[in-house]
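Accompanying notes for the structure given below.
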Amino acid sequence: MLLPMSAPTIRWGFIATGWISGDAAADLGHAPGAVRHAVASRRLEKARQFAAEHGFARAYGSYAELLADPDVDAVYVATPHAQHWTVVNDAIAAGKPVLVEKAFTCTHAAAADLVERARAAGVFVMEAMWNRFQPGMRELRRRVADGHLGDVRAVHADLGFVNEYHHLARLVDPANGGGALLDTCVYPAAFAQWFLGTPDVVRAVGTLGPTGVDVEAGVLLGYPSGAHAVLSCGFTADWPGGATVVGTEGHAVVEPRMNHPPRILVHRRGRDVEVIDNPLGGQGLWHEFAHVGECLAAGLTESPVMPLDDTLGVMATLDQACDQVGTPHVDEGFPAA
Ligand SMILES: NC(=O)c1ccc[n+]([C@@H]2O[C@H](COP(=O)([O-])OP(=O)(O)OC[C@H]3O[C@@H](n4cnc5c(N)ncnc54)[C@H](OP(=O)(O)O)[C@@H]3O)[C@@H](O)[C@H]2O)c1
């Protein structure tokens, strides 16, 4: 499923210096051809500290300066999702290929706007749905596409964790795109999208926490074929984080946690269980960076593994679920309709 060529040298520019930027910077060393070129923060001192810690050659005190660096081949955007629209919009305008963290944006409207701009400009943009690029997950996708499970009739998936309110404020901050649906249900939603496409029915129930965003939710999806998906997410309980694909000829169990599973078990009717290992190498984040390099070398403006239409389908699902549960979302800088 990945492109059959080796990754070229890509000089990466990291935008933002938070939690996941640090993890991705550490993992980048596993990606062939990936160079830690530049990092930008809203504060120069923070960028310098991050650059020193992770071995980036240049540090900038604004995101605009990094986007103006002609030696940056591609940018990784890891601000909270509420800022994704502004930063990705600026990156597209600067002609920089973009890998942007999930959730792509806070609303479907902002996502559709970015997709339109990226396609008009011919600039590569991809959502950082990292588990799609891990070897075991790619193998599962191949086997399902080859009919190993027969006709896929259902997907079950969950992801969540117990969040102490004082601990990770971003997760429950309405101004920063807080809420379990955007933060964790994005993985189950993208998993269902991978195997079943875009649903035509979305039914969500959930609970709002003290800050007014959803802290747990269940989502039922229906598809034109009659298939369905059941998704759960939250910050309130000990969700196992597994996923199952159910077909007419068998089912596959993605062992927890479904965004970086250790292995996948394929149960085909009348056969012994088949085990697909998922060797991550590092934390498993680097595969998506390597894939971007391969796409750019092949002259692609979209990923065949995480295409923008899939991102739009996921955002449409999450948008409806957020509306039904009652979490309002705003993308900073995106002109409201
Ligand atoms: N792939 C994964 O497994 C994974 C895991 C965690 C998070 N994520 C995603 O990555 C993104 C960032 O999450 P995170 O946990 O890394 O967040 P975080 O620790 O809060 O860091 C976010 C960074 O964004 C920058 N930023 C820009 N505008 C900001 C604003 N108005 N408020 C706060 N920070 C702002 C800051 O960097 P500067 O101060 O340097 O400008 C900040 O350090 C989110 O979209 C999240 O969903 C993905």
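Only the coordinates and a few stated rules stand behind these numbers; no lab work does. Please read all numbers here as calculations on a predicted model, not as lab measurements. Here the Cβ positions follow ideal geometry from the backbone for every residue, glycine too, while neighbour counts run over all protein chains shown.
Mean shadow of the range 1-106, computed from the convex hull of its alpha carbons, in nm²? Quarter of the Cα hull surface area: 6.7 nm². By the beta-carbon count within 10 Å of each Cβ, the least crowded to most crowded order of T79, T198, fewest first, is T198, T79. In a reduced charge model with +1 at each Lys and Arg Cβ and -1 at each Asp and Glu Cβ, the range 273-323 shows a dipole moment near 160 debye about its Cα centre. Mean sequence separation of contacting Cα pairs (under 8 Å, at least six apart), scaled by the length of the range 106-229, corresponds to a relative contact order of 22 percent. In terms of other Cβ atoms within 10 Å, T9, T107 run from fewest to most in the order T9, T107. With Cα atoms as the point set, the range 271-337 shows a radius of gyration and Dmax of 18.0, 55 Å.
One quarter of the convex hull surface built on the alpha carbon atoms of the range 135-279 amounts to 9.1 nm², the projected area averaged over directions. Taking other C-beta atoms within 10 angstrom as a stand-in for reagent exposure, F56, F191 fall in the order F56, F191, fewest first.
Treating only the Cβ of Lys, Arg, Asp and Glu as charged (+1, +1, -1, -1), what charge dipole size does the range 1-150 show about its Cα centre? Round to the nearest 20 debye.
The dipole magnitude comes to about 180 debye.
Largest first, the three principal axis extents of the alpha carbons in the chain are 58, 47, 38 Å in whole numbers.
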